[in-house]
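A short worksheet on the structure shown next.
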Amino acid sequence: MKRQIWIAIALTGIAAGSTAAVRARADKAHTPADGSSERQGILKALPRNYHAVRFTVNFMKVHDGWCWTDVTPLDNKGKAVAEGGPQLLHLKSGKWIVLDLNTVPPDPKDPLGPEDASVGFVKNVRKKYTGVPADIFPKPAH
């Protein structure tokens, strides 16, 4: 009886470990599909003004509970109602949270900051918010 219990415990541990390993390998930088629950959760978390009813997604990459996105808010006729811009989000307790990029030190070599996501700016973001994967950021324009 004890042997069967130990075998069951060992098999459960192996299964749990392999599931975690598969999940870790499966989670790489990706763009969530249109209409997916992941994409909807991210868009739901983004700030809106009273005219914005939806977003055009210009860029979105997600990896390991982190998201970098650049969106343009639209009204119900599809007209831009404000300037969009990049946002950094983190998944906490199943909910996407927008993080404050204004607290990230600027890159003196690139004054565009999050608008260009230069190597220096990304380095500063990753220093401020530890754990952010580098592969969610777009390649800088220059």
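The values are calculated or read from the model by the stated rules, or taken from the named source; none is laboratory data. Because the structure is predicted, anything quoted here is derived from the model rather than measured. Neighbour counts run over all protein chains shown; Cβ positions are idealised from the backbone, glycine included.
For beta carbons closer than 7 Å, sequence separation of 6+ or different chains, a first residue in the stretch 37-51 that is polar (S, T, N, Q) and a second that is crowded, with 16+ Cβ neighbours inside 10 Å, the qualifying pairs are N49/P73; N49/V81. Given the criteria touching a Ser or Thr at 6+ places or on another chain (Cβ under 7 Å) and surrounded by fewer than 19 Cβ atoms within 10 Å (Cβ to Cβ), does L74 qualify? Against the criterion (touching a Ser or Thr at 6+ places or on another chain (Cβ under 7 Å) and surrounded by fewer than 19 Cβ atoms within 10 Å (Cβ to Cβ)), L74 qualifies. Among the residues here, K95 does not qualify as more than 20 Å from A45 (Cα to Cα) and of a type in the set (K, R). The residue of the stretch 103-115 that is farthest from P138 (Cα to Cα), among those that are surrounded by fewer than 18 Cβ atoms within 10 Å (Cβ to Cβ) and modelled with pLDDT under 85, is P108. A residue that is at pLDDT 95 or above, exposed (fewer than 14 other Cβ atoms within 10 Å of the Cβ) and of a type outside the set (F, W, Y) can be found somewhere in the stretch 81-92.
Within the stretch 57-75, residues that are on the phi > 0 side of the Ramachandran plot reach partners that are part of a strand (DSSP E or B) with beta carbons closer than 6 Å, at six or more positions or on different chains, in the pairs G65/L91.
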